[in-house]
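The values are calculated or read from the model by the stated rules, or taken from the named source; none is laboratory data. Keep in mind it's a predicted model, so treat the numbers as computed, not measured. All Cβ positions, glycine included, derive from the backbone under ideal geometry; neighbour counts span all protein chains shown. Accessible surface is based on the protein model in full, side chains and every heavy atom, while ligands, DNA and RNA are left aside. Shrake-Rupley method; radii C 1.70, N 1.55, O 1.52, S 1.80 Å.
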Amino acid sequence: MDSIEQGDRRLLAGITDVMAEAARRSGHWLVCRRGCTECCLGPFAITQLDALRLRQGLAALAAADPACAERVRKRAAEYVAAVAPNYPGDATTGDLSEEDSLPTSMDDVPCPALDPDSGSCDLYAARPITCRVFGPVTRVSEEAFGACELCYAGATDEEKTQCAVAIDPEGLERELLAELDAAGLSGMTIVAYALRAETRLSGRT
């Protein structure tokens, strides 16, 4: 798993640089700030690379601040209990089979990594890639773009396009996911299950 962790660090460093460029291009149109939790509500699919990073982040938090880590675990357990009856996949393991069928009843429920008092992420350094790229305009495909609905008020489509960045043009994430798949970790899940799960490659993370 060492090569995957090293690759993940390279991936995240590249994403950090790309998002800094996106912020530079976007200027005042980008209104993301600490305490804004628009992107922290409702379940969303994450990769096994994200899940592995989250579990490692939780382990690091447990070593540095056990009480905070226990609060995250409690919120994750409560989230799983709430979502399990309508989970579109294996409600025991968290393996997600239908990403587009996540229950809308959870749309207003905060992510278990979110500290409800401070409005900040307790696992910010280990957060999924979706969380890292949410906000600025990113290129989803040749003709499709994504951005937070709270940003770019008054910007034209052309202005948004000029701000857009490609997240992982070299496909490093795809390569890392293939390595994980070969190691027995594949498919998608959600944050709550990732935080509740035991490390599935015991002794190799």
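In loop segments of segment 1-47 as defined by DSSP, the trypsin sites (Lys or Arg not before Pro) with at most 10 further C-beta atoms inside 10 Å of their C-beta are 33, 34.
Mean residue ellipticity at 222 nm, helices only, the chain: -13500 deg cm²/dmol; runs of at least 4 DSSP H residues each add -39,500 (n - 2.57), and the sum is divided by the number of residues. The figure for residue 129 is an accessible area of roughly 20 square angstrom, using a 1.4 Å probe on the protein chains alone. Per the Debye calculation on segment 81-181 with a single equal scatterer at every Cα and no solvent contribution, log₁₀ I(q)/I(0) for q = 0.17, 0.22 Å⁻¹ amounts to -1.16, -1.29. Scanning the chain for DSSP H helices at least 27 Å long along the axis (C-alpha atoms) with a Kyte-Doolittle mean no lower than -1.0 picks out 2-26. Between the C-alpha center of segment 58-76 and that of segment 1-56 there is a gap of 20 Å.
Cα gyration tensor of segment 1-81, axes a ≥ b ≥ c as square roots of the eigenvalues: rounded (a/c below 1.5), prolate (a/b > b/c) or oblate? Oblate shape, in that a/c is at least 1.5 and b/c is the bigger or equal ratio. The Cα-based radius of gyration and maximum Cα-Cα distance (Dmax) for the chain are 17.2, 52 Å. Solvent exposure of the chain amounts to 54 Å² per residue of accessible area, where only protein heavy atoms count and the probe is 1.4 Å.
Taking all Cα pairs closer than 8 Å and separated by 6 or more residues, the relative contact order of segment 108-205 comes to 20 percent.
For the chain, the share of accessible area belonging to carbon and sulfur comes to 49 percent (1.4 Å probe, ligands and nucleic acids excluded). The heavy atoms of residue 75 offer some 50 square angstrom of accessible surface to a 1.4 angstrom probe.
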